[in-house]
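Computed from the coordinates by the stated procedures, all read-outs in this text should not be read as laboratory data. In this text, all values refer to a predicted model and were calculated from it rather than measured experimentally.
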């Protein structure tokens with residue numbers, strides 16, 4: 001009878017310990033699940049922000065390339081206009097000199113390395 005009582009007490013202790021371990025395991029699983037969900041939410045938010053940033057970067061890169069092309073076109077037009085202006089000045093000078101007028105004093109535009 002005494003051995004039966006010892007076994008019964010041992011069984012009760014084992015069941016209590018099992019119940020506590022089961023509760024701990026459940027609490028840990030819930031914590032990990034919540035942590036996992038929080039991590040997934042943060043990852044999703046960071047991914048969304050990264051996607052938006054990447055789109056904005058690509059848009060800025062396209063705008064930069066377009067501005068570079070426009071700058072090149074404008075610079076080319078500007079150089080063409082300077083050539084035409086210089087040619088017209090020379091023609092005017094020649095015509096004026098041919099008509100007996102004194103040569104006008106023109107100052108040629110200064111070209112800089114930035115315009116080339």
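Could you tell me the center-to-center distance, by alpha carbons, between the stretch 1-22 and the stretch 64-80 in angstrom?
Rounded to whole Å, the Cα centres lie 88 Å apart.
Taking Cα Rg over 2.2 N^0.38 Å as the quantity of interest, determine which of (1) 2.14; (2) 1.07; (3) 3.24 was computed from the displayed structure.
(3)
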